[in-house]
Amino acid sequence: MLHFVDEFETCNVKIVRHNIGSFGVNTYFLICKKTLETAVIDPGGEEETLLSALRTEKADVRCMLFTHTHIDHIYGADGLKKSLPGAKVMYHSFDQPVVDATPDMCAMFGVPVRSMPKLEQDLMTEPEFSLGRIQLRSFLTPGHTPGGVCFYIPEEKILFTGDTLFKGSVGRTDFEGGSGSELRKSLDFLIQTIPDDVQILPGHGKYSTMGNEKASNFYLRVDRWR
Ligand SMILES: [Zn+2]
Ligand SMILES: [Zn+2]
């Protein structure tokens, strides 16, 4: 099974990326360097590998964050939760219909059914939170799914974009609950809100920056969908 790992650091955070499984999802460890408090973002499977890597980091895992709840992003969530019961499950409740459709999605992709652990912090009512010394904001960016979010750390100039924005592309909108016009609005919001020097960490594929995407991503052209 394909699985590659890489990492980088800013002043206050360490980011470890595991690219996991047949869906090629980017699972991230977001680690506060001062306290080792850690968020696991979009655990895509291969739980034993992730758990062993978290032990190597001496990570104090406080939460699991979900950019959205398609199966490729939640496939390892239940397994991790069993080993890390204190890791709070956080997503936006507009994605609850996507969670409820997980068995159908698993059938559609021909993979064994996995369940999603119960929502413990709704990003709709609590969009801002801290992890050690790090302050995070989640922005609702629907379009790929109704409750898709981006996680922003302004001080470290990092944005986790899930399947909303990729290097050179954007998320598909043809799944249940997807909407091209909503995605357009979400991308407009990101263009207006996120400075050019912010690093983009997407749910699949390579890293980029907001400036690069504004300059070269066909789907961010203002006239694209109008
Ligand atoms: Zn998705
Ligand atoms: Zn995905």
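The values are calculated or read from the model by the stated rules, or taken from the named source; none is laboratory data. Quick caveat, the model's predicted, so the values are computed rather than measured. Virtual Cβ from ideal backbone geometry, glycine too; neighbours counted across all protein chains shown. Keep in mind that these areas ignore ligands, DNA and RNA; they rest on the heavy atoms of the full protein, side chains included. Shrake-Rupley method; radii C 1.70, N 1.55, O 1.52, S 1.80 Å.
Suppose all protein chains stay in the model; what accessible area per residue would a 1.4 Å probe give for the chain, in Å²?
Working: 9960 Å² over 226 residues.
Value returned for the chain: 44 Å² of accessible area per residue.
Which percent of the accessible area of region 3-220 is formed by carbon and sulfur heavy atoms (probe 1.4 angstrom)? Each step should come with its number before you reach the end.
Working: 4720 of 9000 Å².
After summing per-atom areas, the C and S share lands at 52 percent.
What order, most packed first, do the peptides 43-56, 131-144 have when packing is the mean number of other Cβ atoms within 10 Å of each residue?
Working: 43-56: 18.1, 131-144: 20.4.
Most protected by this proxy first, the peptides run 131-144, 43-56.
Hey, can you rank 170-177, 94-101 by average C-beta count inside 10 Å, highest first? Numbers along the way, then the final one.
Numbers: 170-177: 16.5, 94-101: 19.1.
With the highest mean Cβ count within 10 Å placed first, the list reads 94-101, 170-177.
Just to check I understand the Karplus step: with θ = phi - 60° and J = 6.51 cos²θ - 1.76 cosθ + 1.60, what whole-Hz values come out for region 22-36, glycine and proline as x?
5, 7, x, 8, 8, 9, 10, 9, 9, 10, 6, 5, 6, 10, 6
How far is it, in nm, from the label point at ASP188 to the one at ASP104 when both lie 7 Å from their Cα along the line to the Cβ?
3.0 nm
Given +1 on the Cβ of Lys and Arg, -1 on the Cβ of Asp and Glu, and no further charges, what dipole in debye does the chain carry about its Cα centre, rounded to the nearest 20?
Values: 24 positive and 30 negative charges, 72 e Å.
It works out to roughly 340 debye.
Can you give me the long-range amide H partners of GLY147? Hydrogens built in the peptide plane at 1.01 Å from N, cutoff under 5 Å, separation of 5 or more residues or another chain.
ASP95
Using alpha-carbon pairs under 8 Å, 6+ residues apart, how would you state the relative contact order of region 3-220 in percent? It would help to have the intermediate numbers written out before the result.
On the way: 489 pairs, mean separation 33.5, N = 218.
Value for region 3-220: 15 percent.
What value, in deg cm²/dmol to 500, does the helix sum -39500 (n - 2.57) over DSSP H runs of n ≥ 4 give at 222 nm once divided by the residues of the chain? Please report the intermediate quantities before stating the final value.
Working: 7 runs with 55 residues, N = 226.
It comes out at -6500 deg cm²/dmol, rounded to the nearest 500.
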